[in-house]
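Chemist: To start, I am sharing the structure in question, which I have written as structure tokens.
The values are calculated or read from the model by the stated rules, or taken from the named source; none is laboratory data. All values reported here derive from a predicted model rather than from experimental measurement. As a convention, Cβ positions derive from the backbone with ideal geometry for all residues, glycine included, and neighbour counts pool all protein chains shown.
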Amino acid sequence: MLANVMFDDVVGNVMVIEADVILLGQYTTEQQLMPVMARPPIVTSDISLAEWLNLIRYHSKAFKLDFKSSESVEISLQKLTELQEDVR
């Protein structure tokens, strides 16, 4: 599962994590306004951006988000802002 692989990176010796973000079901009739961690052509995932951010927030890791669609950027920025406000 994708979540297990990402968890291994978060708790391991990796210093920077790059992750791909796309809307769930992007480019299909099932598209939802939920950013998930996936790389096209895969448009489903077992971990959302919000879950991923919560996973890495307590670890000293740098991360780079690679947005695979322009539609996923705004809602992802909202999630990042929510997390930033939560941390304060």
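Chemist: Which members of the stretch 44-57 meet the condition of being in contact with a strand residue (DSSP E or B) (Cβ under 6 Å, 6 or more places away or on another chain) and more than 13 Å from GLU18 (Cβ to Cβ)?
Modeler: Across the stretch 44-57, the qualifying residues are SER45, ILE47, SER48, LEU49.
Chemist: Find the residue count for the stretch 58-77, including only residues that are surrounded by fewer than 13 Cβ atoms within 10 Å (Cβ to Cβ) and over 14 Å from ILE22 (Cβ atoms).
Modeler: 4
Chemist: Using the structure shown, decide if SER70 is modelled with pLDDT of 80 or more and among the polar types (S, T, N, Q).
Modeler: Values: modelled with pLDDT of 80 or more: yes; among the polar types (S, T, N, Q): yes.
Considered against the rule, which asks whether it is modelled with pLDDT of 80 or more and among the polar types (S, T, N, Q), SER70 comes out as yes.
Chemist: Does any residue of the stretch 31-38 turn out to be exposed (fewer than 15 other Cβ atoms within 10 Å of the Cβ) and either aliphatic (A, V, I, L, M) or modelled with pLDDT of 90 or more (or both)?
Modeler: Taking the stretch 31-38 and keeping what is exposed (fewer than 15 other Cβ atoms within 10 Å of the Cβ), we get 32-33.
From the residues that got through so far, the ones that are either aliphatic (A, V, I, L, M) or modelled with pLDDT of 90 or more (or both) too are 32-33.
Yes, there is a match, as at least one residue in the stretch 31-38 is exposed (fewer than 15 other Cβ atoms within 10 Å of the Cβ) and either aliphatic (A, V, I, L, M) or modelled with pLDDT of 90 or more (or both).
Chemist: Please go through (1) of a type outside the set (Phe, Trp, Tyr); (2) out of contact with any Leu (no Cβ under 6 Å at 6 or more places or on another chain); (3) over 17 Å from LEU77 (Cβ atoms); (4) modelled with pLDDT of 90 or more for SER48 and return the number of the only condition it doesn't satisfy.
Modeler: Looking at each condition in turn, SER48 falls short on (3).
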